[in-house]
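Here the structure comes first, spelled out in structure tokens, and everything after it is commentary.
What follows is calculated from the coordinates using simple rules that are stated; it is not laboratory data. On a predicted model such as this, the values are computed, not experimentally measured, just so you know. A quick note on method: Cβ atoms are made from the backbone with ideal geometry, for glycine too, and the neighbour counts reach across all protein chains shown.
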Amino acid sequence: MDIFSDDSKMKVKVLVRNPDDYLRETKRDIHKLPRNYDPALHPLEAPREYTRALNAVKLERVFALPFIGCLDGHRDGLSCLGKTPDHLSWLYSGACDGELKLWDVAKRRVLCTVQAHDGFVRAIAYSQESSFLYTVGDDKLIKQWKSEAEDGSDLKAPVNTILTGGMLTGISPHRSKPILATCGEACNLWEHTRAQPIKTFQWGVDSLQSIKFNQVEENILAACGSDRSIILYDMRESVPLRKVVLKMRSNSICWNPMEAFIFTVANEDYNLYTFDMRNLNSPLNVHSDHVSAVIDVDYSPTGKEFVSASYDKTVRIYDARQAHSRDIYHTKRMQRLTCAAWSLDDRFIFSGSDEMNIRIWKARAAEKLGVVKPREKTALRVNAKLIEKFEHHPHIKKIQRHRHVPKHVYNARNELRSGRIAARRKEFNVRTHTKRQKPIISEKVKAIVSEQQ
Amino acid sequence: MSSPKGSEKKPASEVRSTATQNLKKKFKPPKDEHLLRKTKNKKPNNTFTKKAEGRVVKRQLPKFKSSHGKTPNSGAVQKFSRPPKTGQKGKEGAQDDQTEEDPFPGDAPIPHARLQKHKRGKAEDLDKNGVTFLSNRIHLKKKEKLVKYAVNLAARSEILLPEETGFLEPAKGDCTSEITQVQIKSSVDITSATKQFDLSMQFGPYAINYLRNGRKMLIGGRMGHVAAFDWVTKQLTCEMNVMESVHDVAWLHNETLFAVAQKEWTYIYDNQGIEVHCIKKLNNVLRMEFLPYHFLLATTNDSGTLSWLDVSMGKMVKRTHTHLGRLDVLCHNPRNAVLCCGHSKGTVSMWTPNFVSPVVKMLCHTQPVRSVAVDQSGVYMATSSIDCSLKIWDLRTYNCLQSYKLGCGASNITFSQRGLLAVSMGNIVEVYKDICTETIHKPYLKHFVGSSVSGLKFCPYEDVLGVGHARGMCSMLVPGAGEPNFDALESNPFQTKSQRRETEVKSLLEKIQPELITLDPFELGEVNRQSVIEKFEEKTRYMV
């Protein structure tokens, strides 16, 4: 008789748990946590997750302390910042009295100081191809420096100096060829061995403010001119490519390091414009939120975000595709900003200002900088995901967007906003009550005056 | 997911002897196309047996043909498969003379019912015609994929659950309702046999309440006897006589605090029996329910007042006067934390602290409602009235699913975690199985309790039913009542003191605000269409 199929007896099993399976063996083990993901055991999931998201967003605001420190030492206002990919914690800064300093940001001290130029140091650029540092200044010189020693001691004297005839306002090295581009009265291309420019691009008679080589499409340059234009050049051609004229002058330009054809300009009309170089008649995005002229812009090495420094004493961080800033950094002691840089490890933002200080900020204000243990990391990631999941709920959105802004920014913003709404309402009324209609121009395109070939 | 193929098989060269080298020459090694056809889930259907002579001979197992996995998409996750490894198969593949095809290609299929259990709403094949931007459409598609993956993973992880439910199979020809507690007690192991016990006390009809993790138990006798103890080890936490009539007892969030509804007011006691609070606002309380995720103590009153008290802050969240008479029938729906009250007009009303009037009012019986119970999943509601009827309602559609006629009016009914319904009629307790899904004719278990039953509660995560009656309490064994696999992050019966403290802090942080109590718990995840439309209109008002 098979004992397993004995039908004459009843079979009964009552739930019994062996405590050895559920309790830890020694005090040094972690507790055992058996899981059951059956939804019936987890009621009220939506309200619980919502509460967790609310807590997460509040904690994020609690831990949003972006200011790390201040690099103090220059004797005149900052004019430019330079980064090098070989040493992530090094930062070059040029001041208005011609001083060039090399900082070790991690230790917050100066590695080397050198009097680079007689006037302003207008721009610093590091050439990846030849590992040289180039600076241009108001004394119409391009200086080439070698900076490889770990203690920065070989920055004492320039390796090479090129005397140029005209004013110089910006410099940008080619990604893979030993060519530099400078801008001033015109756009010149140099080779560091030659004393004369190998090529000159001229369009119109006005000067150029800032010039940058495209890091992906290596032969394309873009420059901002003082006739409110943005000019695109191809190094291989003999004439500039095209030009787009905006309503106000652009102060600075930066190419997206990841996308081959996207660049962003910082404009005087308080906005930043992101263009696709293939289609210059309409910007891809208009980034507004500043209440005064935007002076400098720099992209994150990921290409997803950029930082902008503005005349209204604030630094704003934007997502590359969003029209409004995701964060704003300000301090009472920070006066007019002149330059901003995003560190090449994507974690820090440097801002140089008129009052001779460089400030170091976190790129993500609530990030923990030290060693993050795996469980902590998971918890932080879960919190970030929860916030993303519930970001459209009004309470959570309100807390997430809440920033304390300086009073002058707050008042100026309200004023500008009411002005914009009034203008929009006026245009709407004019349109609805007139018979002959002018063509509708989208908000984005309004900033552009013309495009020229 | 699948076992690594190359690592568990030793390279064939180690097993071979010189004799098999000759054998190998006879076999024609197959061409490389056969190797490429093998999938990663190739199960070895050849085994090597060593014969006495030292030759290694292959033995072919018979191929098992089943209908499993033959249909293309039987719930199996096909996409997360690695490409077939050709390099390692070279040596072993050379041995085989026939093509090796996995009869069950892909991952093991998941039963449809299990997948459905883990799904929460529609997240597949959503209509994307309304989405204008391509990037958003792609984003939605990616989200759908993720949700599907999560559902599959959760369904697959059920294989890791350690325990299985209890069961009771009668002898051939018998039925389970004839099996007595004594018989069950004698057939099970010692630990389970100790779970069946009787306590004989003389302090009046007893109300009982189990702690949320099924560890401890609270009993309150009408004449003032209150005791908290671990019912498995019978170790007393505290015991006292409050010298007043006790109507109901309830544990708060953990075993350190419990509430007793006494003659005039409600008192909260420590686990040592020390009176911590006397809440005069909760006066003449008849029934109490604790909502664990909201930290709310809900009480009903002699004069028809429903109150919600936030025990973490000591704040009275809401007191509603129901105007429906004396409320002595109360039950809470664990799925959405609404309270169900039964009334003498035969109606059942549902209340949330956000509205003055009941959110739902159902006419269930023609005679006064005697007892209400809602099952764990919040789908079924059982009501009984004094005209001996028992009805099962679907709480999503508010339809009557089943209607039964009992021997006499059921005074207490309660659902277990696995859907068993316990009904007490006078001094008999009957347990019904699958009462909501099918029309049944016989109870699953019956037990004759000596005196009239006043309290009936299933113990969570155990196969035990606690019965409080006029002369004490009795604990019954009901195989298959409790949920075998608990989730330690929800309630852990094996909680240590440090874990209890951690859980208390974490659950306080995640305390849900009472404003979020709604009939549909997933309403928070839905889009509020009205406000979206309003915002859009405002933004585009002056747009040309």
Next item on the list: List nothing, just return the count: lysine pairs in region A:58-169, 8 or more apart or interchain, with Cα separation under 25 Å.
Entry: 15
Notebook entry, point to check: Loop-only check: which trypsin sites (Lys or Arg not before Pro) in region A:140-205 are DSSP coil with at most 12 other Cβ within 10 angstrom?
Noted result: A:LYS156, A:ARG194
Margin query: Which entries of B:LYS345/B:LYS433; B:LYS281/B:LYS318; A:LYS243/A:LYS446; B:LYS141/B:LYS539 have Cα-Cα distances beyond 18 Å here?
Written below: B:LYS345/B:LYS433; B:LYS141/B:LYS539
Next item on the list: Would you work out the charge dipole size for the protein assembly as shown about its Cα centre, treating the Cβ of every Lys and Arg as +1 and the Cβ of every Asp and Glu as -1, and quote it to the nearest 20 debye?
Entry: 1840 debye
Checklist line | Neighbourhood net charge (12 Å Cβ-Cβ; Lys/Arg +1, Asp/Glu -1) for B:ILE219 | finding: +1
Next item on the list: If a/c stays under 1.5 just call it rounded; otherwise compare a/b with b/c (prolate if a/b is bigger, oblate if not). Do that for region B:475-531, with a ≥ b ≥ c from the square roots of the Cα gyration tensor eigenvalues.
Entry: oblate
Note to self: Compute, for region B:112-160, the length of the dipole vector about the Cα centre, with Cβ point charges of +1 (Lys, Arg) and -1 (Asp, Glu) only. Units Debye, rounded to 20.
What the structure shows: 80 debye
Check: Would you list B:VAL311, B:VAL359, B:VAL467, B:VAL276 from fewest to most Cβ contacts within 10 Å?
Finding: B:VAL276, B:VAL359, B:VAL311, B:VAL467
Note to self: Averaged over its residues, how many other protein chain Cβ atoms are within 10 Å of peptide A:26-39's Cβ atoms?
What the structure shows: 6
Notebook entry, point to check: With each label point set 7 Å from Cα along the Cα-Cβ vector, what nm distance links B:SER303 and B:LEU160?
Noted result: 5.5 nm
Next item on the list: Give me the net charge of B:TYR206's neighbourhood, meaning all other residues with Cβ under 9 Å from the Cβ of B:TYR206; Lys, Arg count +1, Asp, Glu -1.
Entry: +2
Check: Which trypsin sites (Lys or Arg not before Pro) from region B:148-181 combine a DSSP loop assignment with at most 12 other Cβ atoms within 10 Å?
Finding: B:LYS172
Checklist line | Within region B:133-198: Cβ-based charge dipole about Cα centre, in debye rounded to nearest 20 (Lys, Arg +1; Asp, Glu -1) | finding: 1020 debye
Notebook entry, point to check: Across peptide B:503-513, how many C-beta atoms of other chains are within 10 Å of each residue C-beta, on average?
Noted result: 2
Item checked: Exposure proxy ranking, count of Cβ atoms within 10 Å, fewest first, for B:ASP107, A:ASP29 -> A:ASP29, B:ASP107
Next item on the list: Report the one residue of B:MET425, B:MET243, B:PRO111 whose Cα lies farthest in the direction of the positive end of the charge dipole of the protein assembly as shown (charges on C-beta: Lys and Arg +1, Asp and Glu -1; origin at the Cα centre).
Entry: B:PRO111
Notebook entry, point to check: By the gyration tensor of its Cα atoms, with a ≥ b ≥ c the square roots of the eigenvalues, what is the shape of the protein assembly as shown: rounded for a/c under 1.5, prolate for a/b over b/c, or oblate?
Noted result: prolate
Notebook entry, point to check: Which ordering of B:HIS277, B:HIS294 is given by a fewest-first count of other beta-carbon atoms within 10 Å?
Noted result: B:HIS277, B:HIS294
Item checked: R0 of 45 Å, Cβ-Cβ distance B:LYS148-B:LYS497: FRET efficiency to nearest 0.05 -> 0.65
Notebook entry, point to check: Taking each residue of B:485-494 in turn, how many C-beta atoms of other protein chains fall within 10 Å of its C-beta, and what is the average?
Noted result: 6
Notebook entry, point to check: Near B:GLN272, within a Cβ-to-Cβ distance under 13 Å, what is the net charge of the other residues, with Lys and Arg +1 and Asp and Glu -1?
Noted result: -4
Check: Rounded, prolate or oblate: which fits region B:176-477 when a ≥ b ≥ c are the square roots of the eigenvalues of the alpha-carbon gyration tensor, with rounded for a/c under 1.5 and prolate only if a/b beats b/c?
Finding: oblate
Checklist line | Sorted peptide list for B:296-302, A:110-116, B:400-406, criterion being average Cβ within 10 angstrom, highest first | finding: B:296-302, A:110-116, B:400-406
Checklist line | Protection proxy ranking, peptides A:348-354, A:46-52, average beta carbon neighbours within 10 Å, highest first | finding: A:348-354, A:46-52
